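A.B. asks: Mind looking over this structure? Questions follow.
The values are calculated or read from the model by the stated rules, or taken from the named source; none is laboratory data. Bear in mind the structure is a predicted one, so any value in this text is a computation, not a measurement. Every residue, glycine among them, receives a Cβ derived from its backbone with ideal geometry; neighbour counts consider all protein chains shown. Just the protein is used for accessible areas: all its heavy atoms, side chains included, with ligands, DNA and RNA removed. Shrake-Rupley method; radii C 1.70, N 1.55, O 1.52, S 1.80 Å.
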Amino acid sequence: MLQKMADVRPPPLRSLDDFVLSSARFAVPDVRDVERWNNRVINNLLYYQSNYLLYFRPFQMFVGATVVTLLFLGFVWAAENQAPIRRFRRNHPLICLLAILLASYLFISVLGGVAVFLFGIAFPVLMVLIHASVRLRNLKNKLENKLESIGLKRTPMGLLLEALGQEQEAGS
């Protein structure tokens with residue numbers, strides 16, 4: 001795990017023009033083709049991960065990220081050590097993500113920080129997923145994702161998707 005972390009490099013911030021303005025192309029995903037939609041989301045998450053971090057506010061991000069990270073690490077540990085959890089993670093990544101977010105929400109609400117969760121985590125995650133769903137890929141996006149999928153490049157989002165059992169679809 002430490003070797004993987006040493007090779008991780010955050011990708012560059014993409015231009016606002018590429019991210020949302022004139023050169024950006026958007027389309028509603030075909031919800032009947034879940035595999036293609038999932039592929040689009042994963043590849044956009046990898047390509048625009050630095051831009052997505054701009055949605056978060058620093059203090060709220062720190063509190064929320066700490067809670068989510070601890071719960072996420074606990075989930076990854078459990079999935080690596082328990083075969084049924086590992087199979088469930090592979091077969092139901094969205095349910096696993098929602099369970100981690102729900103557990104984070106419950107934990108933060110016990111601490112009295114519901115607003116921190118809603119505006120520091122849930123809303124930005126929703127915006128990220130909407131953007132990743134509707135943003136069409138360009139040639140540079142496809143090339144960067146291919147470098148990530150064959151292991152020539154490692155990014156934080158790539159590690160996150162790998163931990164959620166989605167690495168085989170990245171770069172497709």
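A.B. asks: Accessible area per residue, 1.4 Å probe, Å², for the range 64-143: what's the number?
C.D. replies: 58 Å²
A.B. asks: Can you tell me the Rg and the Dmax, both Å, for the Cα atoms in the range 64-143?
C.D. replies: 15.1, 46
A.B. asks: Going highest first, how would you order 93-105, 35-47 by mean Cβ packing within 10 Å?
C.D. replies: Going from most to least packed, we get 35-47, 93-105.
A.B. asks: Further, regarding this structure: Pick out, from Ser133, Ala122, Phe88, the residue whose Cα sits farthest towards the positive end of the charge dipole of the range 64-143, with +1 on the Cβ of Lys and Arg and -1 on the Cβ of Asp and Glu.
C.D. replies: Among Ser133, Ala122, Phe88, the one farthest towards the positive end of the dipole of the range 64-143 is Ser133.
A.B. asks: With a 1.4 Å probe and every protein chain kept in, tell me what percent of the accessible surface of the range 64-143 is carbon plus sulfur.
C.D. replies: Its accessible area is 77 percent carbon and sulfur atoms.
A.B. asks: What FRET efficiency, computed as 1/(1 + (r/R0)^6) with R0 = 22 Å and r the Cβ-Cβ distance, is obtained for Phe88 and Phe123, rounded to the nearest 0.05?
C.D. replies: That gives a FRET efficiency of 0.20.
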